[in-house]
1. What does the convex hull of the alpha-carbon atoms of segment 1-136 project to on average, in nm²?
2. Between Ala183 and Thr641, 0.36 nm times their residue separation minus their Cα-Cα distance comes to what?
3. How much accessible area per residue does segment 644-800 have, in Å², with a 1.4 Å probe?
4. Give me the percent of accessible area attributable to carbon and sulfur for segment 678-778, probe 1.4 angstrom.
5. Please work out the FRET efficiency for the pair Ser1079 and Gln1046, using the Cβ-Cβ distance as r and a Förster radius of 25 Å; give the result to the nearest 0.05.
6. Give the peptides 930-939, 534-543 in descending order of average Cβ contacts within 10 Å, highest first.
7. Taking all protein chains in place and a 1.4 Å probe, what share, in percent, of the accessible surface of segment 1-136 do carbon and sulfur account for?
8. Order the peptides 313-324, 285-296 from the highest to the lowest mean number of other Cβ atoms within 10 Å of their residues.
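The values are calculated or read from the model by the stated rules, or taken from the named source; none is laboratory data. Just so you know, these numbers come straight off a predicted model, no measurement behind them. Here the Cβ is made from the backbone with ideal geometry for all residues, glycine too, and neighbour counts use every protein chain on show. Accessible surface is based on the protein model in full, side chains and every heavy atom, while ligands, DNA and RNA are left aside. Shrake-Rupley method; radii C 1.70, N 1.55, O 1.52, S 1.80 Å.
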Amino acid sequence: MQGFPGGLPDLAHLQATMNAIEHACSLIQMHMNPAEAESVIASLHSSHMPYQTCRFIIETSKVPNARFQAAGAIGDAAIREWGILIDENKRSLIIFCLQYVMEHASAPDAYVQSKVSAVAARLCLTIFFSGEAIYFGQPWLWPTVCRDQFCGILGTHYQLCLLEGPSLFLQLFELEFYCWAQAALLSVSNKILEHPTSVPEEKVCSAALRLMFQILNWDFKHAANEPDNSHSRINTLTSGIRHDAVMLKKFDHSLVKPGPTWNDVLISSGHTSWLLNFYATLREKCSYDTLWIDSPIAVSARQLIVQLCSLAGAVFPSDNGETQIKHIALILSAIIQWIDPPDVISASIQSGQSESEFIDGCHALLSMASLTSAMLFDNLLTSVRPYGTIHVLSSLTSEVVKILTVNQDEEETWSADALDILLETWSVTLGQMDGDKTILPHDRVFAASSLFNTIVESHLKAAADSALDENDDTEYFHASVSKRDERLASYALIARAAADMTVPFLVRLFSERFSLLSQRISGNESTRTLEELYWLLLITGHVLTDSGEGETALVNYTIFQAVFGYGNEINAVIWFLARWVATYLLPLDTRKEQISTTYHDDGSQHESQFSRKILLTFAVEHNQVDFVLDSVVRISVATLTLYPGENELQALTCQKLLAALVRHKQISIRLLLLDSWRDLARAFANERALFSVNARIQRSLAETLVCAASFIKDSEASAQYLRDLLGPIVACLVDNSSRNDLKAVAQQADAIYMVSCLLERLRGAARATQPRTQKALFEMGHSMMNPLLTLLEAYKNQFVVDFVDGQVVYLGAKETTILINFCLRLLQIYSCNNIGKISLSLSTSLRSEAQVEKYKDLRALLQLLTNICSKDLVDFSSVGDDENTTDISEVIYVGLHIVTPLISLDLLKYPKLSRDYFALVSHMLEVYPEKVAQLNKDAFAHVIGTLDFGIQHQACRDIDVFEKCLSAVNALASYHFKQRSAGKEGLSAQTVESQGSNGKLQESIASHFLRLLMQLLLFEDFRMELAGSAADALLPLLLCEQDLYQRLVQELLERQPIPALKSRLASAFHSLTSSNQLSSSLNRPNRQRFRKNLHEFLVEVSGFMRIK
């Protein structure tokens, strides 16, 4: 070949070199003396001007590996000696490679041809990298097979060369590369259209399209340095074009911004229109061939079309986005045939047609949505269709969801892929709509609503159909939780776009399913309904709430992930360890009998023995458990110290994993012997590292560490463990309480945080109180009672509540007196600092932080009083006649005086506080009615007012609260009846203001609640399951106010206009108080009889009175 570099060839030398290379390759292949063989081959690669030798080997050798090494040597030498080669040498090398590949295209050793192709591409690109002007002629005028090879090898190795050494020259010659490929495509397009699948030009066309696609995938960094005034020229609010790349959740997407120099090639020349017409014509001509959609030319053309959807920036002229909008609309008008109508296309796919075109169309929609506002995206299609793009998107998504939920085969993945793309498109579109505060027209909102309805109905059907499915390979229902939640979050975004319609729709579906359950349907139908309700709960939770992202990690996020991994993965690890520990480390005496025995046909128990062997491997009787426990503790310490801010992970560690370790005696005993556990306890007691953990999590950690002490057999050793663990905490709190400048520093942020953390730790310790640890914990609490009273004047904490709750059932008389006196002093301090600070007018709302703190204080106070009550209720200690003992009822009385003025009717609307309050009042009236009767007039009236509120407003809201109110009224009326029966005044002096027919009136407590209960039973929404509690409250009221009862009955009968109903009502009232031998007593048998009478009464009058 003329111009081929190297001197005149010596045939003998060439033959000898070829033989040496062939022998070296054979040695390597047989793994014999590889060092010598590699040395021979390396000498060829490093020799000066080896081109003639390598050419001889490539053309003559029968050993493929030898030809492969010779081709590589040409490439290495050419790059190494590029500066001394003349242009003719370089051109000759490239042409030789191209000709060899063309002549040996059908040779069996394809890897040799690939190597030679790679050398040719490498040399071609090196020419452009160096900026040399070596003329090869115009590639589109070369013979067809040569053009095919040139475009093919250039496209194949283009991105590889970008990674190996991108330079400014590469960036500058991208346009020229693109023009070369474009010209090659144009030169063969007519022939391809005449014979779409039977000409060799098809390979040229496919290679050119691939190369153009790869070029447009480049980052175009040079375009970033060119002046781009698109941001200032185009007003997004008016044009609807976005200029920032949208971050997609599941797909890589970036804007293609080649710069203004590309305008003539891509925009002005009509390149996009020509490409769309070219593909559409080919598509029509090949419609008979179902395999054509997946042919190289079709796939390459669609890839380029989808890439052109992302064109943006200065490649478009400065015309307020008009050209770019026309460009996007033009592509959409062409690709709409790929995806519309959705039902017809999906049917063809299910019949065997390829889904690749449909998937590409969905990708194109996603790219367009990423470039446009919601309104513009919807209007893109209106010029060629009577409906908008969102309507098409809704129809597409509906069809895909239907297919996905019906066909759940593992091989049927295209519908899942399509749904992911379409949901991402919805997320982009609706996310932009939220950001721009754009309101879609009603028909577009209706499209979103219809789509969501279809989604819900399809998934409900799938859930119901799978309810009785025993197969374990249903991919749809066994997807990962994160995958499920991700898809549900996208569904929720669609629902929120039409919330006025979708939320009532969900409510209706819930009501229908609950109604079915209440009808006591058959077992299978009940299971189906429960599956539907489960799915409804999932989707409703996502529609109504957003998932929290958690706190940002203090460590740089990229480094954090690289070193420690992803948070979700660590969460999964901790969750798994917690479950694994609870399963495999249980003591054998509780597991032996639970290991199932499985017999084979031959009577063997192989599977059972194998399962038993696995279980015994890690059980506590084996030394392996120490290694496991040590590893788990060290992992736990890592999550608590190396993951700051990851509250969910750390809560999982303390509340699940570590808590599982101290649940069983044998495990805890071994745990306490580990150095890692001692290190954890020491760090908790003496070091500041764990103070970075959330205070509530510190409470859980303290509870876990203290729980372990309950399994130490020696009481003194157990107490010493607790002193070592909690002693530094107590000492620190005592020191803080004795500071002279406590008031000055108490409200500083670091002081508040420190004291709050210490108190939370003590709360956790108090919650872990067990018989073995109770004494040591009480001594600890006793030693800091006075300092604690000082601190609690400045800091809010519920330690005392938990301390009393944990200790109260174990205390003897002396300890009880100490505890009660402490609580009494605490109540007095609270009274001095809080009485009058919450007025009824201020407590109508808990909007401010101060109000929320008062709410917490009241709950804590109510819980404290309730815990003290429980001591008096089940007190098995011998109190004796010690004159220093404190009457618990006195403490309750003081507490009730403090709490009563602070409880407003608005505060009682909060369920937790309402339950705590009425639990206390109910207990007080049952156990200490005389103390309640001694309350001053205002306090007593307030208690009655709250009971009145509870009965009238909680009957249909909170059954527990309503029953407690009825119990309180029962206790109040029973006390009054018993006092009067004994000739005492009872509650006669206490009156309440009521609304009568003639205005406001003062009446007795019993009269007031009798009127209230009769009104509730006869005219209000009353639940029949509460009839027993209502009877218990009504009976003493009737006995106390028999005259009033007769008057009320007479008034009701007189207001009944229908004689027949009047007679039935009179008979029912008579039976209520006279049947079943009812007497004027409050003993248990009489109460049972009245319960029966009231139930029969309500059943009788339910047909004509307002009873539900």
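1. Details: hull surface 32.9 nm².
The orientation-averaged projected area of the Cα hull of segment 1-136 comes to 8.2 nm².
2. On the way: separation 458, 0.36 × 458 = 164.88 nm, distance 6.26 nm.
Working it through step by step, the gained length comes to 158.6 nm.
3. Values: 6790 Å² over 157 residues.
Heavy-atom accessible area per residue stands at 43 Å².
4. Working: 2310 of 4600 Å².
C and S atoms contribute 50 percent here.
5. Values: r = 18 Å, r/R0 = 0.71.
Calculated value: 0.90.
6. Working: 930-939: 14.9, 534-543: 17.2.
Packing order, densest peptide first, comes out as 534-543, 930-939.
7. On the way: 3800 of 6580 Å².
Accessible surface attributable to carbon and sulfur in segment 1-136 totals 58 percent.
8. Numbers: 313-324: 18.7, 285-296: 13.8.
Going by the mean number of other Cβ atoms within 10 Å, highest first, we get 313-324, 285-296.
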